[in-house]
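Please read the structure below before turning to the comments.
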Amino acid sequence: MKSYRAAAIQMTSVPDLEKNLVQAEELIELAVRQGAELVSLPENFSFLGEEQEKIAQAEAIALHSEKFLKTMAQRFQVTILGGGFPVLCDEGKVYNTALLIDPSGIELARYQKVHLFDVNLPDGNTYRESSTVMAGTHLPQVCPCKELGNLGLSVCYDVRFPELYRYLSQMGAEVLFVPAAFTAYTGKDHWQILLQARAIENTCYVIAPAQTGRHYATRQSHGHAMIIDPWGVILADAGDKPGVAIAEINPTRLEQVRRQMPSLQHRVFF
């Protein structure tokens, strides 16, 4: 693992596949111009609309999303995480799928989100991700990248389940991805603190690309795409507008924190 610059992209995706991919390409190019070698896109980067509209277009969304990620990785010669897009499965539902692609356009890892966001919020909004999404049945994998470190995958609501990240750290993760479309209501209170907790307790870098702003009439996201170091220090925060959070991932810093706070070695039960 070497020192390198990573980017967490922040988007305001809408129910328009083509428009979203144009926005994503512009932000990827912006990140690459700033020296990023690892670029991450948020959950729902290619489509964020009503659930039934997503299902109706799922086949096209999946096809174009995967092709887009491979094309961008090859064009800009970077490793890219597509933080979540629908891939059709049985029973007329989709898997919320994150995909990691290397600079040659080869798939490195694929993860189907296991924790689905079925929540009634105090602001009156109700979310039933399981109405259209099938929960994944496999733990995310850790992808060993010689230059970028051991990369662990997750998606959005997963961040509330620390056992998933403890598993990733036990499997050798050094960098944790948390691509998200966190709601505005929950994000203001929980987003930052959950990301910092996952970084601190696992002594890992956390890269969290995010959705921001209003996507359609009833859906608004918190924003604040972040990169956090293993001590819990926020290295970059994209605020509440579309843009890019960029920071250095430094193996020396990782080793320093793990030496000073060797909590992973002190586990008793798990």
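Going by accessible surface with a 1.4 Å probe and the largest first, M134, M226, M261 read M261, M134, M226. Look at the alpha carbon pairs under 8 Å that are at least 6 residues apart: their mean separation over the length of the stretch 169-244 gives a relative contact order of 30 percent. The alpha carbon radius of gyration of the chain, expressed as a multiple of 2.2 N^0.38 Å, is 0.93. If you take every DSSP beta bridge fully contained in the stretch 137-222, what fraction is antiparallel? Give it as a percent rounded to 5. Antiparallel: roughly 60 percent of the beta bridges in the stretch 137-222. A straight chain from A56 to L88 at 0.36 nm per residue would run longer than the Cα-Cα distance by 10.5 nm.
The phi-based Karplus calculation (6.51 cos²θ - 1.76 cosθ + 1.60; θ = phi - 60°) puts the 3J(HN,Hα) values of the stretch 257-263 at 5, 5, 6, 6, 10, x, 5 Hz, whole numbers, x for Gly and Pro. Each of the peptides 79-90, 143-154, 15-26 was scored by the mean count of other Cβ atoms within 10 Å over its residues; in descending order, highest first, they stand as 79-90, 143-154, 15-26. For the options A60, A180, A245, a Gaussian network treatment of the chain with springs between C-alpha atoms closer than 10 Å singles out A60 as fluctuating the most.
Taking the average, over residues, of other Cβ atoms within 10 Å as the packing measure, peptides 157-163, 171-177 rank 171-177, 157-163 from highest down.
Tell me the mean residue ellipticity at 222 nm calculated for the chain from its helices only (DSSP H runs of n ≥ 4, each -39500 (n - 2.57), averaged over every residue, nearest 500). It lands at -8500 deg cm²/dmol.
The stretch 178-221 and the stretch 23-42 have their alpha-carbon centroids 19 Å apart. Here the mean projected area of the convex hull built on the C-alpha positions of the stretch 57-138 is 6.4 nm². Taking trypsin sites (Lys or Arg not before Pro) across the stretch 220-270, the ones in a DSSP loop with at most 16 further Cβ atoms lying within 10 angstrom of their Cβ are R267. Legend: Rg and Dmax of the stretch 1-91, from Cα coordinates, 13.6, 45 Å. Protein heavy-atom surface of the stretch 141-224, 1.4 angstrom probe: 53% of the accessible area is carbon and sulfur, with nucleic acids and ligands not counted.
Write down the Kirkwood hydrodynamic radius of the stretch 50-206, to one decimal in angstroms, obtained as one divided by the mean of 1/r over all alpha carbon pairs.
Result for the stretch 50-206, one decimal place: 16.4 Å.
In this structure V39 has an accessible area near 0 Å², from a 1.4 Å probe over the protein heavy atoms. Of the three principal axes defined by the Cα atoms of the stretch 125-270, the extents in descending order read 48, 32, 28 Å. Taking Cα atoms only, the orientation of helix 58-76 departs from the longest principal axis of the chain by about 40 degrees. Each label point was placed 7 Å from the Cα along the Cα-to-Cβ direction; for K188 and T252 their separation is 4.2 nm. Taking all protein chains together and a 1.4 Å probe, the residues W191, W231 rank W231, W191 from largest to smallest accessible area.
Ordering V268, V233 by accessible surface, largest first, gives V268, V233; the 1.4 Å probe counts only protein heavy atoms, with every chain in place.
With K and R counted +1 and D and E -1, the other residues having a Cβ less than 14 Å from that of E163 yield a net charge of +2.
The values are calculated or read from the model by the stated rules, or taken from the named source; none is laboratory data. Just so it is clear, the structure is predicted and the values come from calculations on it, not from any experiment. Note: ideal-geometry Cβ built from the backbone for every residue, glycine included; neighbour counts use all protein chains shown. The accessibility values were calculated without ligands, DNA or RNA, using every heavy atom of the protein model including side chains. Shrake-Rupley method; radii C 1.70, N 1.55, O 1.52, S 1.80 Å.
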